[in-house]
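Before any comments, here is the structure.
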Amino acid sequence: MRYGAIRLIERLKAWLELPELAGRELDDPEVTAIRRAVLERKAFLNRLYRECYGLFAHAAERAPDGMRVELGSGAGFLKEVLPGAVTSEVMPLAFVDVAFSAEAMPFSSASVAALFLLDVFHHIPRPRAFLSEAVRCLKPGGRVVMIEPWNTWWSRLVFTHFHHEPFDATAGWDLPGGGPLSTANGALPWIIFMRDRATFEREFPMLRVKRIEPFLPFSYLLSGGVSLRSPAPGWAYPVWRGFEGLLRPLNPQLGMFAHIELELRD
């Protein structure tokens, strides 16, 4: 990319950045509290989260009886959609139930019905450790339900040039050391469940891939996420989601995220 284009992108990102988050360290717990307030006031983004939580709720209906646990709850509000869910984060926060690492979960074997991850899996430094823990903790028929960044030509363009997190589709599974939020590779879900699908199935035969559906080619970008200004007002959300519905056949080429669902075999 030419130098002038890079400068233009940097200026655009600086203009879009929310002032209350400018210059702050991602791993500072106060940043998550600020993002929680951002999520409450940004109507477009709030509606997007509610739609994602609706997918979690639908998956919960197909799971066995038992504990529903959200990993990396952060600034979210899953309890408003699933009141009985246990919320968690890797660091203590006043607005989540419990703090622990996804690589060492404090649950008894075969005690969890569903694990929910919204934009979280690609932050887990050792995904094999988490997947092993999921096999241990889940009941037969239990679910791991994720909404994660996905690798398409469109998402690579956006995530590489307009997003603060690394996006490397050539990387391995493990992430380099760092903070709980700053450690990331947005391409990790695609790497494990698509590029290295045969390896995943060989190493974790108890986890059946039930669903991989790329979606959301534009909505998250228009929401601005939890760090940027939103170019779209809340009332425009159903309009854009309707437009994306018309583009659904193109989601494998355009989707920025994927709805991924794993099931523990009996």
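Every read-out reported here was derived from the displayed coordinates using simple, explicitly stated rules and does not represent laboratory data. On a predicted model such as this, the values are computed, not experimentally measured, just so you know. Neighbour counts are summed over all protein chains in view; Cβ atoms, including those assigned to glycine, are modelled from backbone coordinates with ideal geometry.
Brief remarks follow.
- Normalised contact order of the chain, rounded percent, pairs of Cα under 8 Å and 6 or more residues apart: 22
- Lysine pairs in the chain with Cα atoms under 29 Å, if 8 or more residues apart or on separate chains: 5
- From its DSSP helices (H runs of at least four residues, each -39,500 (n - 2.57)), the chain gives a residue-normalised ellipticity at 222 nm of -10500 deg cm²/dmol.
- In this rough spin-label picture, where each label sits 7 Å from Cα along the Cβ direction, the Ser111-Glu20 distance is 3.7 nm.
- Annotation: amide H of Phe215 within the under-5 Å range of Met256, Phe257, Ala258, His259, sequence separation 5 or more or interchain, hydrogens built in the peptide plane.
- Highest mean first, the peptides 155-163, 67-75 sorted by other C-beta atoms within 10 Å per residue fall in the order 67-75, 155-163.
- Here the peptides 120-128, 169-177, 205-213, 45-53 are ranked by packing, the mean other Cβ count within 10 Å, and the order with the highest first is 120-128, 45-53, 205-213, 169-177.
- The spacing between the range 157-207 and the range 107-133, judged by their C-alpha centroids, is 14 Å.
- Taking 0.36 nm per residue of separation and subtracting the current Cα-Cα distance, fully stretching the chain between Ala33 and Lys210 would add 60.3 nm.
- Full extension of the segment from Glu61 to Asp168, taken as 0.36 nm per residue of separation minus the current Cα-Cα distance, would add 35.1 nm.
- The mean sequence separation of alpha-carbon pairs under 8 Å and at least six residues apart, normalised by the residue count of the range 129-221, gives a relative contact order of 27 percent.
- For the range 63-121, relative contact order (Cα pairs under 8 Å, six or more residues apart, normalised by length) works out to 43 percent.
- Residue (of Phe95, Gly141, Thr32) at the positive-pole extreme of the chain, dipole from beta-carbon charges: Gly141
- Potential extension, Ala99-Arg229 segment - 0.36 nm per residue separation minus Cα distance: 43.8 nm
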